[in-house]
Amino acid sequence: MIRPIGRISLDVIGGLGDFSLFCGKSFLSLPRSRKLWQRFVRAVHEQGAVCLPVVMVVGVFTGLVLGLQGYHVLSRFGSEGLLGTMVSLSLVREMAPVLASLMLVGQAGSALAAELGIQRNTEQIAALETMGIDSIGYLVAPRLLASLLVYPAQAALFVVVGLWGGSVSGSMLLGVDSGVYWSAVDRAIEFHDLIECFSKASIFGLLATSICSYQGFHAGLNHATSGARAVSAATTRAVVLSSIMVLMSDYIISSFFV
């Protein structure tokens, strides 16, 4: 019984060590990354513009649901005027950075892991290394840099459309005065709330992008599968592990801000 536990523990520790070295190499390779600006712009497009519709749709419906549920909860205590406070703080502190990051993981993160996995299995990464090009700096570093910009921007957009969705649900459909709603929003959101939102989004972006890059970059190397099955397995692991880490780190970061 002890031997399997020890083997699993060593595998976990070894995997964490490999992942840490991979992340360190990614950041250290930024200064010498080839075509950094062009690939940075491409990564911003992949994570930002391509994922914009799904983030906006989820943000609107999240605001609608928060407005609907919040109104019925607050109406029990005669506090419908606090609907803007409830919606805004829920979005800024938790819902926007978490849900926006999960949407980006599902779309951009899975695409990143699949792309790197295909490049690994078709030996494109090996070809880059043969030509003396730092494959991590060329393929991974620009995406990590772009995540620091895109994830907070997408979280901010999520907040804006979510507040509008809460206004539609609470004011237009349920009768809460629009001026009261937006006045409560203005009073509720403070500077430290925005710092918490953007800090979470940046950390989630780094975690998700690095995990997806690592899984795709090592597709077929650390496991018995190969070919298309290895790419599929790496993409699945990337999405699952990134989503779990987003939720775990959300609790840890929230504990420092509360």
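Values computed for the structure shown
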quantity: First in region 202-223 and farther than 18 Å from Ala100 by Cβ, second anywhere and outside any helix (DSSP H, G or I) and aliphatic (A, V, I, L, M), Cβ under 8 Å, 6 or more apart; calculated: Ser213/Val140; Phe217/Val140
quantity: Looking only at region 171-195, and only at residues there that are within 27 Å of the chain's Cα centre (by Cα) and either among the hydrophobic types (A, V, I, L, M, F, W, C) or within 18 Å of Gly59 (Cβ to Cβ) (or both), the one that is surrounded by the fewest Cβ atoms within 10 Å (Cβ to Cβ); calculated: Phe191
quantity: Single residue of region 29-74 satisfying the filter (hydroxyl-bearing (Ser, Thr, Tyr) and part of a helix (DSSP H, G or I)) that is farthest from Val160 (Cα to Cα); calculated: Tyr71
quantity: Single unsatisfied condition, Ser249 versus (1) buried (at least 16 other Cβ atoms within 10 Å of the Cβ); (2) modelled with pLDDT of 90 or more; (3) over 18 Å from the mean Cα position of the chain (by Cα); calculated: (3)
quantity: Answer residue from region 7-23, given it is surrounded by 11 or more Cβ atoms within 10 Å (Cβ to Cβ) and of a type in the set (Gly, Ala, Ser) and is modelled with the highest pLDDT among those; calculated: Ser20
quantity: In region 51-90, residue farthest from Ser178 (Cα to Cα) [restricted to those that are hydrophobic (A, V, I, L, M, F, W, C) and under 15 Å from the mean Cα position of the chain (by Cα)]; calculated: Cys51
quantity: Inter-residue pairs, beta-carbon under 7 Å, first assigned to a helix (DSSP H, G or I) and in region 225-254, second among the polar types (S, T, N, Q) and at pLDDT below 90, 6+ apart; calculated: Ala230/Asn121; Val231/Asn121; Ala233/Thr225
quantity: For Val168: the one exception among (1) surrounded by 21 or more Cβ atoms within 10 Å (Cβ to Cβ); (2) at pLDDT 90 or above; (3) over 21 Å from the mean Cα position of the chain (by Cα); (4) of a type in the set (Val, Ile, Thr); calculated: (1)
quantity: Tabulated pairs, region 80-106, first without any contact (Cβ under 8 Å) to a residue 24 or more places away in the chain and at negative phi, second buried (at least 22 other Cβ atoms within 10 Å of the Cβ) and of a type outside the set (Phe, Trp, Tyr), C-beta under 7 angstrom, 6+ apart or interchain; calculated: Met86/Gly70
quantity: Helices (runs of 4 or more DSSP H) contained entirely in region 112-224, each with at least 1 residues that are among the charged types (D, E, K, R) and out of contact with any Pro (no Cβ under 6 Å at 6 or more places or on another chain); calculated: 124-130, 141-167, 178-188, 191-217
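The values are calculated or read from the model by the stated rules, or taken from the named source; none is laboratory data. Keep in mind that what you see is a predicted model, and the values were worked out from it rather than measured. Neighbour counts run over all protein chains shown; Cβ positions are idealised from the backbone, glycine included.
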